[in-house]
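Structure record follows, encoded as structure tokens.
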Amino acid sequence: MLQGFEPHHDELYNCLEDVVACIAKGFEREHMLIYADAWNFAFFPSAGSSRKRIIGNRVEAGEYNAWVSLEKYHGIKSKCHFSHTMDQQIEILKKELADGKPTVLWLDGYYVPWTNVYGKLHMKHFLIVVDMDEDREIIHVVDPYWNQNINPFPVKNFKLSMAKCITFSLTEKEPELDWREIIKNAVSKAQDSGAFDAMRIFADEVEHTIDLKAEIEGFEELKYNSPIFMQLAEVFFRRLNFARLMEYLGERNNVLRLVELSHNMKKVGEGWKKNREVLVKSIESKEQKKKILLFANEVRTLAMEEKELAHELSLIVG
């Protein structure tokens, strides 16, 4: 059994980020810069079928690729084996285990017995393979998002989940970091993509057109897994983690102003988190319209705060 990849859940991480952190720690590398491209927001116009008009299907926290940033900033290269058959995927993880390397599984959580979506909801999930019992057809995995155990995962479930193997290699050392370039790129991405205008457009549409019953249709028992609440969670998690990144870079490079602004970003992230709960509670509220308006106005306030924060960050990077 592989050693050094002990599961640990961070309250601000999703299942992918927990796995990335675990992999990085096992390789004795950092991982905080996976959030370098995480600050964004997108909202798309209504079009086509009724499902495409659902607001939750048109709002996104923005494009962000943890694997790309993990390689760029921390020297951990990943390769996802998309085109292989399930038997070939098994052979890949066997080889990696024989070489003393972990393999991440990208699969459907519907087939993972210890999750809350098992047998209920098809949702992508990530696990780390640390051992395999070929005779019993059991793959031993860690799942830092859900527990601290070595979990037995049947090969049958592996195949049903259409698991894809992600394998790893390392650069000789972690790349040198230019904190100014990282922050400058993050600010430019948020500004150039129109993130702050998108927030205001999103707020307008929520205020005037949202149908909360339609938004959670099919997710009544797991409403936090509905698209709108999943995406709003991504919005606040990414801001809270980008705040950590800012603090990390500020302390590492002795930039006090960056540390100070990280506290502002943390406040923004907490604002998004609190505001999501306003919308959740409005589902059963007798004052639903009032709460929806409260939510929309707070989104407009947060958009202004983020725009000002982007300006302040641009001043320190020159």
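The values are calculated or read from the model by the stated rules, or taken from the named source; none is laboratory data. On a predicted model such as this, the values are computed, not experimentally measured, just so you know. For neighbour counting, all protein chains shown are included, and Cβ atoms are generated from backbone atoms with ideal geometry for every residue, glycine included.
Hey, does segment 249-269 have a residue that's at pLDDT 95 or above and touching a Ser or Thr at 6+ places or on another chain (Cβ under 8 Å)?
Yes, there is a match, as at least one residue in segment 249-269 is at pLDDT 95 or above and touching a Ser or Thr at 6+ places or on another chain (Cβ under 8 Å).
Quick one: in segment 275-290, which of the residues that are under 28 Å from ALA243 (Cα atoms) and either in contact with a helix residue (DSSP H, G or I) (Cβ under 8 Å, 6 or more places away or on another chain) or β-branched (Val, Ile, Thr) (or both) is surrounded by the fewest Cβ atoms within 10 Å (Cβ to Cβ)?
LYS281
Just to check your reading of the model, which residue among PHE126, PHE158, PHE153 is farther than 23 Å from LEU222 by Cβ, in the same structural domain as GLN89 (by TED's automatic domain parsing), buried (at least 19 other Cβ atoms within 10 Å of the Cβ) and aromatic (Phe, Trp, Tyr)?
From the options PHE126, PHE158, PHE153, the qualifying one is PHE158.
Do any helices (runs of 4 or more DSSP H) entirely within segment 1-114 hold 3 or more residues that are in contact (Cβ under 8 Å) with a residue 60 or more places away in the chain and closer than 27 Å to LEU177 by Cα, and if so, which?
The helices (runs of 4 or more DSSP H) meeting that bar are 15-26, 66-74.
Which residue out of SER188, SER169 is in a strand (DSSP E or B) and surrounded by fewer than 18 Cβ atoms within 10 Å (Cβ to Cβ)?
SER169
What residue, of VAL280, VAL259, VAL268, VAL299, is without any contact (Cβ under 8 Å) to a residue 40 or more places away in the chain and hydrophobic (A, V, I, L, M, F, W, C)?
Working: VAL280 fails: without any contact (Cβ under 8 Å) to a residue 40 or more places away in the chain; VAL268 fails: without any contact (Cβ under 8 Å) to a residue 40 or more places away in the chain; VAL299 fails: without any contact (Cβ under 8 Å) to a residue 40 or more places away in the chain.
After applying the criteria, what remains is VAL259.
From the residues in segment 186-216 that are under 23 Å from the mean Cα position of the chain (by Cα) and among the acidic types (Asp, Glu), which one is nearest to LYS290 (Cα to Cα)?
Going through the qualifying residues, I end up with GLU215.
Can you report the number of residues in segment 291-318 which are of a type in the set (Gly, Ala, Ser), more than 22 Å from the chain's Cα centre (by Cα) and crowded, with 20+ Cβ neighbours inside 10 Å?
Residues meeting the conditions: 1.
Evaluate the following for SER193: is it of a type in the set (Ser, Thr, Tyr), exposed (fewer than 14 other Cβ atoms within 10 Å of the Cβ) and not assigned by TED's automatic domain parsing to the domain that holds SER83?
Numbers: of a type in the set (Ser, Thr, Tyr): yes; exposed (fewer than 14 other Cβ atoms within 10 Å of the Cβ): no; not assigned by TED's automatic domain parsing to the domain that holds SER83: yes.
No; evaluated as a whole, the condition is false for this residue.
Might you check whether a residue that is on the phi < 0 side of the Ramachandran plot, aromatic (Phe, Trp, Tyr) and either touching an Asp or Glu at 6+ places or on another chain (Cβ under 9 Å) or not assigned by TED's automatic domain parsing to the domain that holds ILE292 (or both) occurs anywhere in segment 200-213?
Scanning segment 200-213, I find no residue that is on the phi < 0 side of the Ramachandran plot, aromatic (Phe, Trp, Tyr) and either touching an Asp or Glu at 6+ places or on another chain (Cβ under 9 Å) or not assigned by TED's automatic domain parsing to the domain that holds ILE292 (or both), so the answer is no.
Within segment 147-162, which residues are touching a helix residue (DSSP H, G or I) at 6+ places or on another chain (Cβ under 8 Å) and either of a type in the set (Phe, Trp, Tyr) or free of Cβ contacts under 8 Å to residues at least 24 places away in the same chain (or both)?
Once the filter is applied, which keeps residues that are touching a helix residue (DSSP H, G or I) at 6+ places or on another chain (Cβ under 8 Å) and either of a type in the set (Phe, Trp, Tyr) or free of Cβ contacts under 8 Å to residues at least 24 places away in the same chain (or both), segment 147-162 yields only PHE158.
Tell me the residue from ARG257, ARG244, ARG276, ARG239 that is out of contact with any strand residue (DSSP E or B) (no Cβ under 8 Å at 6 or more places or on another chain) and farther than 19 Å from ALA190 by Cβ, please.
One residue alone meets the criteria, ARG276.
Filter segment 206-233 for residues that are surrounded by fewer than 18 Cβ atoms within 10 Å (Cβ to Cβ) and of a type in the set (D, E, K, R) and give the result.
Residues satisfying the conditions are GLU207, ASP211, LYS213, GLU217, GLU220, GLU221, LYS223.
In this structure, is ASP135 farther than 23 Å from LEU170 by Cα, at pLDDT below 95 and surrounded by fewer than 22 Cβ atoms within 10 Å (Cβ to Cβ)?
Working: farther than 23 Å from LEU170 by Cα: yes; at pLDDT below 95: yes; surrounded by fewer than 22 Cβ atoms within 10 Å (Cβ to Cβ): yes.
Taking the combined requirement at face value, the residue satisfies it.
Among the listed residues LYS79, LYS101, LYS120, LYS164, which satisfies the condition of being basic (Lys, Arg) and in contact with a His (Cβ under 8 Å, 6 or more places away or on another chain)?
LYS164
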